[in-house]
Amino acid sequence: MLLIDYFDVVTRGKLEKAIRGGKLRQYSIASFLGATPGCLGAFMNVSLYVHGLITFGAIVGGMIATSGDESFVMLAMFPKEALMLFAILFGLGIIGAWLADKLANFLKISPCKECRLQKMHKVKGRNPFKPSVLLEFPKLSPARYALVLAFVAIIALNLIGAWGPQSWDEPDRIILLSLSTIAIVMTATASEHYLEEHILNHIIKKHIWRVFLWTLFALIFVGFGLQYWNFSQTIRANIWLVLVISALVGLIPESGPHMAFVTMFASGLIPFSVLLTSSIVQDGHGMLPLFSYTLNDSLLIKAFNLVFGLSIGAVLLLLGF
């Protein structure tokens, strides 16, 4: 989450300039932003849309490609399949964007008709990287000390064999130690603004606890179902109903409900087609800012993605995926 947020802040201005151009460029960039893990890419797409920089189809494509905070859990549970899913969502986002613009032209949908442009958060002069902050040692903020020590503890616990993957042949251990080291550097050298507004107020207060609780409850639900109920047989006997439910749950504009399907896929209970359907329809809470601008456009995007997701999922399920 730290890396994605950092990338978002550093590249925001450049991406806004790069997106000006043909529709294919808009579709590609919006879908790429959507396919990046977390909600920040979706938030950026909303910002671009309400400022008139991308079309209705482009915002649709970006939301098709978005998986919300569940993408981080997927990368942890099944990294290879997760990367394949993100690549497929990126491609489907471009296709969906093209179809949505065609449909918008046919139905004469005016993009963001109700929007009231507001001054969005500017990053000029808000560079997240400020190594000079270390010169203030030892008078650094308690939050900075706590974050750095937390990541140091993660590395120490792993190296002494108390926690996490222990074999150097496991990619998970390399990833864990590498990302923790990067996180130490980022939190130690972050500007006060970035530390306060992005890391503490956004990532920790708004994301981490939600991801933890939803993942915990999903694991408990699946574990309980497998132990005390013939969960696997029930799902396989009603797989088409599960497909429809996964799409309907995806309509909820919140990160978390989709976690149940992530956990079921990781446990081998549902096929890839169901996970893909849910991923297409759901967009974490990336749509929430757009609801505050235009309810009409938000509902149209959700409706299109529901039909699109069910159509793709049904075809793949029929083909045995």
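Once region 133-162 is narrowed to residues that are surrounded by 13 or more Cβ atoms within 10 Å (Cβ to Cβ) and either polar (S, T, N, Q) or at pLDDT below 85 (or both), the residue that is nearest to Ser191 (Cα to Cα) is Val133. Among the listed residues Leu317, Leu300, Leu310, Leu290, which satisfies the condition of being at pLDDT below 85 and either in a helix (DSSP H, G or I) or in contact with a Ser or Thr (Cβ under 6 Å, 6 or more places away or on another chain) (or both)? Exactly one of Leu317, Leu300, Leu310, Leu290 is at pLDDT below 85 and either in a helix (DSSP H, G or I) or in contact with a Ser or Thr (Cβ under 6 Å, 6 or more places away or on another chain) (or both), namely Leu290. Residues in region 26-59 that are at pLDDT below 80, within 23 Å of Leu3 (Cα to Cα) and of a type in the set (A, V, I, L, M): Leu40, Met44, Leu48.
Asn105 meets the conditions (1) polar (S, T, N, Q); (2) modelled with pLDDT of 75 or more; (3) in a loop (DSSP other than H, G, I, E, B) in every case but one. The failed one is (3). Report every pair of residues separated by at least 6 positions or lying on different chains whose Cβ atoms are under 6 Å apart, first residue within region 70-82 and closer than 14 Å to Asp172 by Cα and not assigned by TED's automatic domain parsing to the domain that holds Ala42, second in a helix (DSSP H, G or I) and of a type outside the set (Val, Ile, Thr). Filtered contacts from region 70-82: no entries. Scanning region 73-102 for residues that are crowded, with 18+ Cβ neighbours inside 10 Å and outside any helix (DSSP H, G or I) returns no hits.
The values are calculated or read from the model by the stated rules, or taken from the named source; none is laboratory data. None of these values were measured; they are calculated from a predicted model. Virtual Cβ from ideal backbone geometry, glycine too; neighbours counted across all protein chains shown.
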